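Please treat every number below as a calculation from the coordinates, not as lab data. Just so it is clear, the structure is predicted and the values come from calculations on it, not from any experiment. Every residue, glycine among them, receives a Cβ derived from its backbone with ideal geometry; neighbour counts consider all protein chains shown.
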Number of protein chains: 2
Amino acid sequence: MDMNALDQYVKVVLVETSHPGNIGAAARAMKNMGLSRLVLVSPEDFPNEKAVFRAASAADLLASVEVYETLDDAIADCSLVVGTSARERRIPWPVVDPRQAAQEIGKVVNQKQGVAILFGRESKGLKNEELHQCHLHLNIPTSEVYSSLNLAMAVQVVAYELRLLNHDAIEPTEVWDQPLATSEELNHLFDHLETTLTEVKFHDPDNPRQLMTRLRRLFLRARPDQMEVNILRGFLKAVNQLSR
Amino acid sequence: MDMNALDQYVKVVLVETSHPGNIGAAARAMKNMGLSRLVLVSPEDFPNEKAVFRAASAADLLASVEVYETLDDAIADCSLVVGTSARERRIPWPVVDPRQAAQEIGKVVNQKQGVAILFGRESKGLKNEELHQCHLHLNIPTSEVYSSLNLAMAVQVVAYELRLLNHDAIEPTEVWDQPLATSEELNHLFDHLETTLTEVKFHDPDNPRQLMTRLRRLFLRARPDQMEVNILRGFLKAVNQLSR
């Protein structure tokens, strides 16, 4: 695995971080491991000199940071979205540990497609609707006695595992015939799907139960490519013409 | 590997740490990974409330910390001494990465013998005479551009690797909430899908191209569970009622 390729295609996305010191420490952890693309979604207190102090010699990452208001915008161009999560969910999602995550990320980078790794709020992590944007949930093994890792520490562990791709032989590139769909393309698909399910009266948005969550999980698991998304949307359009 | 045994026999030794915040952050990193034996050699500024603040819920490790004046005293009862080191040395020493170090440490713990892992000063690491006390030198892989890890981050990476001795790779299907669909159920789904695609005139069975093959590949990749198959077929039925 080429570390420069990893750096080119992987971004670390910190969602609604409270403490600027953690942003700086995360930047340092990234640069130590050869990563540079730091993205912030609605940080509470940034820029801030505490971030610069904790970043030490990684202040350049703070200078080039991308800041977005919404998670959707931050991950729109990514074909693999990995969300760190400590909690058990009511609807289980595909879960990987940092080592497995690094392998999966390596495969997508080998296809020259974008990856986002999401880290949630210090206090309560990622929200369910954010986790439902993710293809994979990443769980860092911890003690049951004290499972709450500091945010920058979590970034360090994941960045370290990515660094090791440099040393480990990873599985040969999966040869795929089509580019993977981006997060934005998938969200358009899910919107289209929900509209259509509603039109054919299979889905009631006022009583959604877990329908869209389950369908998201199903399709995200498959990591659809762009042609597959086009096929599904073509089918949905044909259904729309029937019902309108 | 029994995590309790690891905790019983492994101590983390911080040598002449300058910043009390790093001591606290190291304590938290240890407790997150199931370690509790923190040892300090001549800390510059300890105890200090900054250490307690950064330790968060690991303040108990600071309360039970052992403080020594000399490294010799700190490691006297240890059978394996591992010293973290970034630098190349004039006299080469056996060097391991964190993963290899965890394996070596595990072997000694299995023999119920003591292990010390040494972390040096923030500014200049361990001195040569301290490194010459070590059986193994531990080098954390880093970027050549910026190789100086924060002290507590280095503790986090090594503690994480020790934790993994105790951890089996996650198997997503083991925690799934629904039984996976059988091949027969999937074939019924694909038949139903093809009929429906034809009814809405998106698919022409006389000119199939690769449509069904691509849809099969998409859904098979996701390994649908039975509830997901039922949802998809419910949607298809709703479309059928519209078109018939």
Percent antiparallel among DSSP beta bridges (both partners in the protein assembly as shown, rounded to 5): 10
Once the label point is placed 7 Å from Cα along Cβ, list for B:N4 the distances to the corresponding points in the other copies, in nm, shortest first. 5.2
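Please sort by residue number the trypsin sites (Lys or Arg not before Pro) in the range B:120-191 whose DSSP state is loop and whose Cβ has at most 11 other Cβ atoms within 10 Å. Don't skip to the end; give the middle numbers.
On the way: sites: B:R121, B:K124, B:K127, B:R163; in loops: B:K124, B:K127.
In loop regions of the range B:120-191 (DSSP not H, G, I, E or B), the sparsely surrounded trypsin sites (Lys or Arg not before Pro) are B:K124.
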Given a Förster distance of 45 Å, report the FRET efficiency between B:S57 and B:W93 from their Cβ-Cβ distance, rounded to the nearest 0.05. 0.75
Nm distances between the label at B:I91 and the same-position labels in the remaining copies, 7 Å along Cα→Cβ, shortest first? 6.3
What number, in percent, do you get for the relative contact order of chain A if the mean sequence gap of Cα pairs under 8 Å and at least 6 apart is divided by its residue count? 23
Tell me, what ³J(HN,Hα) does each residue in the range B:105-122 have, in order and in whole Hz, if you take phi through Karplus 6.51 cos²θ - 1.76 cosθ + 1.60 with θ = phi - 60° and put x for Gly and Pro? 5, x, 4, 6, 5, 4, 8, 6, 10, x, 10, 10, 10, 9, 10, x, 5, 4
Using only the alpha-carbon atoms, how far is helix A:20-32 inclined from the longest principal axis of chain A? Give it as 0 to 90 degrees, nearest 10. 80
Please identify which residues in the range B:1-23 have an amide N closer than 11 Å to a label point set 7 Å out from the Cα of B:H132, following the Cα→Cβ vector. none
Along the charge dipole of the range A:102-244, Cβ charges K/R +1 and D/E -1, which of A:N110, A:S143, A:L193 sits furthest on the positive end? A:L193
Binning every alpha carbon pair distance of the protein assembly as shown at 20 Å from zero, what are the percents per bin? 22, 48, 23, 6, 0
The range B:42-87 versus the range A:1-34: alpha-carbon centroid distance in Å: 28
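Assuming 0.36 nm per residue, please report the length gained on full extension of the stretch B:R217 to B:Q100 beyond their Cα-Cα distance. All intermediate terms of the calculation are to be shown ahead of the outcome.
Details: separation 117, 0.36 × 117 = 42.12 nm, distance 3.95 nm.
In short, 38.2 nm is gained.
Just flag the trypsin sites (Lys or Arg not before Pro) in the range A:1-107 sitting in loop per DSSP whose Cβ has no more than 14 other Cβ atoms within 10 Å. Intermediate results must be reported in sequence, preceding the final value.
Values: sites: A:K11, A:R28, A:K31, A:R37, A:K50, A:R54, A:R87, A:R89, A:R90, A:R99, A:K107; in loops: A:R37, A:R87, A:R89, A:R90.
Passing sites in the range A:1-107 are A:R87, A:R90.
Given axes a ≥ b ≥ c from the Cα gyration tensor, I'd like to know whether the range A:3-164 is rounded (a/c under 1.5), prolate (a/b larger than b/c) or oblate.
Working: a/c = 1.37, a/b = 1.15, b/c = 1.19.
Rounded, since a/c falls under 1.5.
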Label point distance in nm, B:A86-B:S18, each placed 7 Å from Cα along Cα→Cβ: 1.2
Modelling each spin label as a point 7 Å along the Cα-to-Cβ direction, I'd like the A:K124/A:E66 distance in nm, to one decimal. 2.8
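Please identify every one of the GluC sites (Glu not before Pro) in the range A:70-165 that sits in a loop by DSSP and has no more than 16 other beta carbons within 10 Å of its own beta carbon. Numbers along the way, then the final one.
Details: sites: A:E88, A:E104, A:E122, A:E129, A:E130, A:E144, A:E161; in loops: A:E88, A:E122, A:E144.
Sparse-neighbourhood loop GluC sites (Glu not before Pro): A:E88, A:E144.
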If the only charges are +1 at each Lys and Arg Cβ and -1 at each Asp and Glu Cβ, what is the size of the charge dipole of the protein assembly as shown around the Cα centre, to the nearest 20 debye? 520
Between copies, how close do the A:K124 label points come, placed 7 Å along Cα→Cβ, listed in nm from shortest? 4.9
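Assign unit charges at the C-beta atoms only (+1 for Lys and Arg, -1 for Asp and Glu), then state the dipole size of the range B:122-244 relative to its Cα centre in Debye, rounded to the nearest 20. Please list the in-between numbers first.
Values: 13 positive and 18 negative charges, 104 e Å.
So the magnitude is around 500 debye.
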Just from its helices, what would the mean residue ellipticity at 222 nm be for the protein assembly as shown, if runs of 4 or more DSSP H residues each count -39500 (n - 2.57) and the sum is divided by every residue, rounded to the nearest 500 deg cm²/dmol? -14000 deg cm²/dmol
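Taking 8 Å as the Cα distance limit and 6 or more residues as the minimum spacing, I'd like the relative contact order of the range A:183-243 as a percentage.
After rounding, I find 53 percent.
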Measure nothing fancy, just the Cα-based angle from helix B:211-222's long axis to the longest principal axis of chain B, in degrees from 0 to 90, nearest 10. 30
